[in-house]
1. Being open to solvent by 20 Å² or more (accessible area, probe 1.4 Å) and outside any helix (DSSP H, G or I) narrows it down to one residue among VAL236, VAL226, VAL247, VAL263; which is it?
2. What number of residues within the range 86-110 satisfy the criterion of being in contact with a helix residue (DSSP H, G or I) (Cβ under 7 Å, 6 or more places away or on another chain), surrounded by 13 or more Cβ atoms within 10 Å (Cβ to Cβ) and under 19 Å from ALA187 (Cβ atoms)?
3. For the range 128-181, which helices (runs of 4 or more DSSP H) that fit wholly inside it have 2 or more residues that are among the polar types (S, T, N, Q) and open to solvent by 30 Å² or more (accessible area, probe 1.4 Å)?
4. Could you list, in sequence order, all residues of the range 37-62 that are within 20 Å of ILE111 (Cβ to Cβ) and open to solvent by 10 Å² or more (accessible area, probe 1.4 Å)?
5. Quick one: ILE49 ticks every box in (1) outside any helix (DSSP H, G or I); (2) under 14 Å from the mean Cα position of the chain (by Cα) bar one, so which box is it?
6. Do the conditions hold for ILE146, that is, is it modelled with pLDDT of 85 or more and either of a type outside the set (Val, Ile, Thr) or closer than 21 Å to GLY56 by Cβ (or both)?
7. Restricting to the range 182-220, name every residue that is open to solvent by 40 Å² or more (accessible area, probe 1.4 Å) and either more than 15 Å from the chain's Cα centre (by Cα) or within 18 Å of ASP157 (Cα to Cα) (or both).
8. Any residue at all in the range 190-205 that is over 28 Å from PRO135 (Cβ atoms) and modelled with pLDDT of 85 or more?
Amino acid sequence: MNFLNALTEPFAYGFMSNALTVALAAALVCSVLSCWLVLMGWALMGDAISHAVLPGVAVSYLIGVPFAAGALVFGLGAVFLIGGLRNTTALKSDTAIGVVFTTLFALGLAIVSKTPSDVDLGHILFGNVLGVTTPDLVQVCVLAVITLGILLYLRKDLMLLAFDKVHAHALGINTRALNFLLLGLLALTVVTSLQAMGIILVVAMLIIPGATAFLWTRSFGRMLLVSAGLGIASAVLGLYVSYYLDVSASAAIVLAQALFFAVTYVAAPEQGMIARARHRRAA
């Protein structure tokens with residue numbers, strides 16, 4: 001098999017082409033949002049919402065509606081519950097997040113355990129990127145376009161919110177509404193990526209690309225581009241690895257992202273281990 005055939009063979013199959021499209025859409029939207037989550041210290045929030053959608057997915061399966069509908073309802077519900085706890089009690093953010101997401105995740109497990117024959121827990125938790133159907137494909141792409149469109153349209157306000165919330169408020173920006181909007185987009189992103197990656201692995205998609213890009217550059221614009229590029233490269237590389245080594249596609253995509261992070265941690269021009277060692281010697 002020559003190199004060109006090795007590149008084209010996997011995507012000669014329809015299910016691999018669908019998997020590539022869904023993985024690219026999920027990776028792109030997660031990677032872009034990841035930049036804000038990393039800068040604002042909201043990585044745990046991504047974890048919380050990813051787990052909080054489980055009861056929504058389970059209920060959707062039981063009543064026969066698209067899982068995205070139930071997932072979005074519970075994802076947004078988790079956002080408002082967390083915000084409500086933070087605003088009405090003296091609890092810190094991480095405590096409020098922990099209370100809400102563990103409760104909703106336990107509720108989802110209870111629903112699944114009650115009807116084990118009707119809900120495939122493995123599919124919900126770990127995703128099934130190689131088994132997406134055409135309706136799944138359309139749904140993921142539409143949600144991804146909506147989320148990316150809002151993020152890019154409001155990127156200046158959201159960037160100001162991430163770097164200086166006080167200054168944003170002084171300029172007349174409704175920071176509370178913008179916070180809830182960003183959390184809503186996070187919930188929508190989780191729903192977008194759920195079909196491809198599953199609840200557990202989507203957390204990595206929401207953290208690793210932004211963390212990797214953060215180590216590469218101090219410019220937010222370049223950070224967005226680097227994170228998106230890494231997300232796309234990881235999706236493609238992960239699917240190739242999955243095809244030729246016969247391993248889980250979603251796991252391979254996340255491991256590709258982890259590989260990029262490891263390389264960045266060592267070789268980033270300013271914040272990598274090699275660069276830091278040079279600075280120490282120079283000092």
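The values are calculated or read from the model by the stated rules, or taken from the named source; none is laboratory data. The shown structure was predicted, so the numbers you read here are calculated from the model rather than taken from an experiment. Note that each Cβ is placed from the backbone with ideal geometry, even for glycine, and that neighbours are counted across all protein chains shown. With ligands, DNA and RNA removed, areas are computed over all heavy atoms of the protein, side chains included. Shrake-Rupley method; radii C 1.70, N 1.55, O 1.52, S 1.80 Å.
1. It is VAL247.
2. Count: 11.
3. 134-153
4. HIS51, VAL59, TYR61, LEU62
5. Only one criterion is unmet by ILE49, namely (1).
6. So ILE146 passes the test.
7. Answer for the range 182-220, where residues must be open to solvent by 40 Å² or more (accessible area, probe 1.4 Å) and either more than 15 Å from the chain's Cα centre (by Cα) or within 18 Å of ASP157 (Cα to Cα) (or both): PHE214, TRP216, ARG218.
8. Scanning the range 190-205 turns up no residue that is over 28 Å from PRO135 (Cβ atoms) and modelled with pLDDT of 85 or more.
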